[in-house]
1. Please give the length that would be gained between A:LEU324 and A:ALA246 if that part of the chain were fully extended, namely 0.36 nm times their separation in residues minus their C-alpha to C-alpha distance (nm, one decimal).
2. How many angstrom lie between the Cα centre of segment A:305-346 and the Cα centre of segment A:466-535?
3. How crowded by other chains is B:214-220, given as the mean number of beta carbons from other chains within 10 Å of each beta carbon?
4. Per the helix-only calculation at 222 nm, which mean residue ellipticity applies to chain A, given -39500 (n - 2.57) for every DSSP H run of n ≥ 4 and division by its residues, nearest 500 deg cm²/dmol?
5. Can you pull the mean other chain C-beta count within 10 Å for peptide A:395-408?
6. Going down the table (B:LYS121/B:LYS318; B:LYS147/B:LYS202; B:LYS155/B:LYS202; B:LYS166/B:LYS247; B:LYS247/B:LYS337; B:LYS166/B:LYS337), which pairs top 23 Å between alpha carbons?
7. Rounded to two decimals, what ratio of Rg to Rh does segment A:353-400 give with C-alpha atoms and a Kirkwood Rh?
8. If one computes P(r) from the Cα atoms of segment A:7-158, what percent of pairs lie at distances over 25 Å?
Amino acid sequence: MRLSRALRDPFLVVAYLVLVAFLGLFVVYPLARAALTPRPSDWAKLLSSPRWIAAMEHTLAMTVLSTVTATAMGYAYAYGVTKGRVPGARLFSLVPFLYLVSPPFVGGLAFTLLLGRKGIVTHGLLGLDVSIYGWGGLWLAQTLSFFPISFIICRSALANLGGALETAARGMGAGRFRVFRTVSLPLTAPAIAQAALFCALSVMSDFGNPMLIGGRYRVLATEVYTQLSGWADAGMSAAAGLILLAPALVVFALQRAATGAGERYATVGSRGRGIGRDDDVSPPARLALAAFCGIVAVFVLAQFAVIAYGALTRIWSVDGTFTLAHLGAASKYGREIKDSLAFPALAASLCAAASLASAFLVQRCRAPLAPVIDLATILPAAIPHTLVGLAFAISFNGKPLDLAGSGAILVVAMAVSYLPFGYRAVMAALAQVKPSIDDAAAALGASRSRALFDVILPIVRGAVAAAFVFAFIVGTGTMSAVIFLVSFKTPLASVTILNLAEMGSWSDAAALASILCVLAFAGLAAVRLLAGRRFFQAAFR
Amino acid sequence: MKRSIIIAAFLAVLVSAVPTFAKGSQEQQKAQEKELLVYSIVNEAESKLFGDLFKEETGITVNYLRAASGELVNRIIAEKDAPKADILLGGPASFHIQAADKGALATYESPVAAQFPAYAKDPDRHWTGFYVTALGIGVNEKRFKEKFGDTPLPKTWEDLANPRFKGEIVVTDPAASSTAYLFVQTQLQRLGWDAGWSYLEKLAPLVGQFPSSGGAPPQLVGSGEYSLGVAYVHALATYREKGFPVKLIVPPQTAGEVGVVSAVKGGPNPDNAKRFIDFVLSQKAQTAFAKESLTVPLNPAVALPPGAVDVSSIDLIKYDSKLAGDQRDAVLARWQKVVK
C-alpha cells in the first residue's frame, strides 16, 4: 500500500496540503472566476461571427503546423548537441535559452528588420521585396520562438539515454540510422510527445508574434489582449481565452494516450548506463547536424545583434550613427529593471519547488486526488498567459484576498504560468527513473521524504534546475502574464519596453531590452555560483 | 548535508518573499498626503513630463501607470469598490464615459476650464478635454517614391483608395481598437451609409494589413515596411520629429478626437486629484504637453507648438459619437464580410 506509506511521512503530508491549497487558490479559483465573466451574449457572438470562427480555424491550423516544425527542429538541434557531438556543443546549447529571454515586441521588430519587406536578409542580401506578414511568416516566427522549448525537453531525454542500448544494437550489427530509428527515437518518444504538447500549447496561447507578424491572419490569443486593451471588453476577452481550453484539453489527452504510463521508457536505473560510444552518427550526418545547428544559431544571434545595433545607433533602421544616449535613457529605469529580475527569481523558485512537489506526489506517491492535481498543474499551459493575468486581476481584487498592486500577485501569476512546464520537465525526468530505485531506498529504511531528497532529487536535479531557469528567463521578458497586474509600486521593464516601443522610441526600447537580457544572464550565472556548479550544470548540459 | 543546504536555500527564498507578499497592504496604509496615483493613457514620455512638472509646482509626487486605454478603463471599473488610482489621464471621452456609466468616476468642474470650448467639457461634469488630435495619412516618402515614382501623394480619403496602392496601406483593425473604429465611422458618416460602405469595400482589399495596436501604423510606415498608413496626426508627427521619414497629410473631412482627463471616484487622494486636473488644464502644463505630444492644446491662452497640425485648419466632419456607439455591432459584423 503505497498510499498509506506516503501519508505516514509528516513532511510529505504538509507538502501535499500546501500544494493542494496553492493549486486551489491560484489555479482553480481564478479560472472559475474568469469562466463566469463572459455574458451569454459574448459566447453567442463568439460562436456565430465569421471573424471569430476564422480566428479559431487559424489558431488550429497554425498550432498544427508550428507544433510539427518546432518540435522537429528542437529535437534535431538537441540531437546535434548530444548524440551528434557537434563541435561547440556547449555554446550551441546556450543559444535557445537566449531566445527565450527576448522580450516581446523588440524581438518581433528585430525579426521584421531581418526578414521584413525592408529586411536585411530578404531585401538587403537577397534583393527580394516580399511580405512576411501572413501565415507563412507567422509559421516561421512561431517555429523559431518555440523550438527552444522542444530543445530543452528533448535534450534532457537524449542526454539521459546513456548509450548502452545503442551500443548493444550496434554490436548486433545494426546500422547507425537503424539504431536511431529503432532504439534512440522510440526511447525518446515520450519526450517528443511532451515537447509537442508544450509547443502546441505555447503556439496556441502566444499573442506577441501573431500581433506583429500575423498581418491579416488573426488568431484567438491576440483577441484576448485586444478585446480588453482596445475595447475594455473583459467578457469577450475572457471568452476568447477560455475557448482555447477545449483544444488544449484535446492535445493534453492525445499526449497522454500517445505516451501511456511508462516503465517501458525508464532508462535511469537500468544496468549498463554510461557505457556509450561516441560514434552514434556518421561523419556526413554529423556535418549536416553541425550545419543545421549553425544556421539556427546564426539566425538567433543575428536577431540579438539587430537589437544591440538598435540600442547603440541614433534611430533604429534610419540613422546608424553610434550613440550611448539610449543606454543612458534606459538605465534610468532602475526600479523597473530590479523588479523585472527579483519577481521572476522568486517566481522561478516557487515554480521549481511546486513542480518537484507536484510531480513527486502525483507520480510516486499515488496521493489522493492525484489526477486532479495533475490536471490543475498542467491547466495554466492551456490558456493564454494574458488570461491568467486577467483572471488574477478579477479574482484577487478585494475580498476574500486582496493582492492587487502587490508584488505577490506578479510572483504567483508568473509561477502559475510556468508551472506546467516545470512540472512536466520533472515528470519526464521521473519517468526515466525506475520505481525499483524507490523500492530499494525503502527497503534500506529510508522514509519517503528522505528518498525524495537523497535519491530522487539528485537524479532529477537537471529537470528541477531547468524548471527554475525556464521560469526565470521567460518571466524576465514576459508581458502577457503581467500586463494586467503591474501597479504603481511594481513597475516592470517588459511593460516599459512596450510603452517605449508604442511611442516610437524603438532604440530606447532596444536598449532597455539589451540591459535586461544581459542582467538576466548575469543573474543566472550568479545563481549558478551560489547553487553550485553540479546542481546547475544539469540544466545547461 | 546536501539536503539541508537545499532546504535552507528554499526556506531563504520563501522568507525573502515575505516582505513582497506583505507589501501591498503596508503600502496602502502608508498612502501619504504628498502623493497622486495616475492611470495614464498618454505615452510614457508625456506621463513623465506631467509628473515632473506637477512635482515641481506642488511638491506632490506623481506615480503613474501607463497602459492601453481599454485596459485602464477596465481596471477602474474592476476596482470601483476599492479604488487604487486618483486620475484617468488621456484617451477619448468615450472611454471615460464607459467608466462613468459604471459609477467609477467623480464629478469635478475645474475653474481653469471656464474659457475652454464647449465640446471640451462634459455636460455631466465627469471629464474635461485637454488636447485635440485628428485622423490623418502618414506617408513614407522614400518607399512611396520607389514604388510609385512620380504619382502625386494622396490628398484626400478618395485618393487613398487608388488601386495602385494595393498592399502598401496599413489601417488599424476596427474590431481590435476603438481608434480604428473611428476611421470606419468617419467614412460612413461623411459619405452616408451606402456610399460609405462602397468606399470601404474599395479600400479594404488594398490594405496590406490591419494591425491591432493603434501605435503600429506610424511604426510600420516610419520603418519603411509600408508606404501609407492611417493614424492620428500627433502620433505620426512624433515619429517625424524623431527623424523617421514620415510625411503627414490631413485629408479634408476627417474626424477629430478630444483627449480628456477625469478623477476616479473615491480615489485615495481626492484633493490632489483636483489640483492635478487644474494643473493639466493650466497654461504652463498645456504648453509643455503640446510641445511634447504635438497635439493641439485646448487652453485658448496657449500657442500651437511648431510641428503640430492646427486642428482649426482641418476640415472636420460633425462626428456623431452616439450613433457610432449604437451602430458598433452592426458595423463590425458587416466589416468582417468586407475584409474577407
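Nothing in this text is a laboratory measurement; each read-out follows from the coordinates by a stated rule. Owing to the predicted nature of the structure, the values given are computational and were not obtained by experimental measurement. Cβ atoms come from the backbone with ideal geometry, glycine included; neighbour counts cover every protein chain shown.
1. On the way: separation 78, 0.36 × 78 = 28.08 nm, distance 4.90 nm.
Between A:LEU324 and A:ALA246, full extension yields 23.2 nm more.
2. Taking the Cα centre of each part, segment A:305-346 and segment A:466-535 sit 12 Å apart.
3. Working: counts 3, 7, 3, 0, 3, 8, 5.
Rounded to a whole number, the mean comes out at 4.
4. Working: 26 runs with 373 residues, N = 541.
Per the formula, -22500 deg cm²/dmol.
5. That average works out to 5.
6. Working: B:LYS121/B:LYS318 17 Å; B:LYS147/B:LYS202 20 Å; B:LYS155/B:LYS202 17 Å; B:LYS166/B:LYS247 19 Å; B:LYS247/B:LYS337 32 Å; B:LYS166/B:LYS337 19 Å.
Distance filter (> 23 Å) returns B:LYS247/B:LYS337.
7. Working: Rg = 13.6 Å, Rh = 12.4 Å.
Ratio of gyration radius to Kirkwood radius for segment A:353-400: 1.10.
8. On the way: 6761 of 11476 pairs.
Here the long-distance tail beyond 25 Å is 59 percent of all Cα pairs in segment A:7-158.
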